[in-house]
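A short reminder: the numbers here are calculations on the coordinates, not readings from a lab. No experiment lies behind these values; they were computed from the predicted model shown. A quick note on method: Cβ atoms are made from the backbone with ideal geometry, for glycine too, and the neighbour counts reach across all protein chains shown.
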Amino acid sequence: MSHVPTAGPLAGKRVLVSAGPTYEDIDPVRFVGNRSSGKMGFAVAAAARDAGAEVVLVAGPVHMDTPAGVSRIDVRSAAQMHAAVLGALPADVYVGAAAVADFTPRRVSEHKIKKTAGTDTLVLELVRTPDILADVSAHPQRPALVVGFAAETHDVARYARGKLVAKRLDLIAANLVGGAEGGFERDDNALAVYWDGGERPLGPASKHEVAAQLVDLIAGRLPA
Ligand code: CTP
């Protein structure tokens with residue numbers, strides 16, 4: 001079985017995908033992270049490859065095998081992911097599936113932070129990270145299709161459509177997190193995809209099936 005089809009709806013297209021969490025270091029042994037497994041982004045990368053695309057996958061710290069035929073760039077922090085994603089342009093499609101930290105410690109302590117006798121609290125000052133998705137969308141080499149993800153606990157359509165407009169995206173794939181239904185650490189998923197003037201539910205199904213449906217939708221909305 002060939003892992004790199006040369007035919008398919010995305011043949012000749014370059015697809016850039018980000019996946020996984022980012023880890024924001026506090027000191028040499030501690031970091032701020034999140035529970036993203038990277039499964040959805042890796043599934044999107046594999047599905048885009050199956051659709052014939054050349055795929056570059058920028059991955060945060062995850063325990064996932066690289067899909068065959070996909071070029072992988074490993075990063076740790078939001079700043080590193082930002083540099084790697086922008087450095088991998090141009091691309092025809094960007095899918096921002098990574099759960100990028102919104103905040104990072106203002107400074108990384110060179111030494112392990114010690115408990116101080118008599119002090120019961122530690123204040124960690126965090127600053128905003130660059131918004132990779134918004135920067136890709138505003139980039140001079142903007143991909144023809146920029147696709148974001150949104151994890152929402154409520155009012156999914158309203159918040160997802162808000163991000164679609166605010167970040168000037170072509171598509172946004174929203175999933176409901178925090179309840180019984182959706183989530184970071186699961187193998188199956190259901191998404192609601194929104195664009196200007198339309199929407200489509202994908203799944204519930206395996207992340208692989210949902211990724212294949214998302215790639216079909218992407219291919220259909222990509223200018224020829
Ligand atoms: N994203 C990004 N760079 C960041 C933060 C997020 O590229 N620094 C991308 C993610 O990859 C995802 C989308 O933006 O595609 C998520 O949008 P965001 O507004 O960050 O969602 P939330 O983190 O859920 O934001 P909020 O807390 O405002 O709901």
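Once fully extended, how much extra length lies between residue 128 and residue 141, figured as 0.36 nm per residue of separation less the alpha-carbon to alpha-carbon distance? Walk me through the numbers on the way to the answer.
Numbers: separation 13, 0.36 × 13 = 4.68 nm, distance 2.41 nm.
Full extension of this stretch gives 2.3 nm more.
If each residue of separation counts as 0.36 nm, what is the full-extension length gain between residue 224 and residue 168 once their alpha-carbon separation is subtracted?
On the way: separation 56, 0.36 × 56 = 20.16 nm, distance 2.05 nm.
Residue separation times 0.36 nm, minus the Cα-Cα distance, leaves 18.1 nm.
Shape call for the chain from the C-alpha gyration tensor, a ≥ b ≥ c root eigenvalues: rounded (a/c under 1.5), prolate (a/b greater than b/c) or oblate? Provide the component values of the computation, followed by the final result.
Values: a/c = 1.83, a/b = 1.61, b/c = 1.14.
Prolate is the answer for the chain, as a/c is 1.5 or above and a/b outweighs b/c.
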Seminar exercise, completed: Most packed first (mean Cβ within 10 Å per residue), the peptides 133-142, 202-211 order as 202-211, 133-142
Seminar exercise, completed: Quick shape check on region 105-183: root eigenvalues a ≥ b ≥ c of the Cα gyration tensor, a/c under 1.5 is rounded, otherwise prolate if a/b tops b/c, else oblate, and it reads oblate
Problem set entry | For residue 25, residues with placed amide H under 5 Å, excluding near neighbours | 32
For this session: Please give the contour-minus-distance gain from residue 89 to residue 29: 0.36 nm per residue of separation, less the Cα-Cα distance, rounded to one decimal in nm.
Result: 18.3 nm
For this session: Have a look at the DSSP beta bridges in region 29-181 and tell me what percent are antiparallel, nearest 5.
Result: 20
Exercise. In the chain, how many lysine pairs have Cα atoms under 30 Å apart, counting only pairs 8 or more places apart or on different chains?
Worked result: 9
For this session: From zero up to wherever the largest Cα-Cα distance of region 10-142 sits, split into 5 Å bins and tell me the percent of pairs in each.
Result: 2, 11, 19, 19, 17, 11, 7, 5, 3, 2, 1, 0, 0
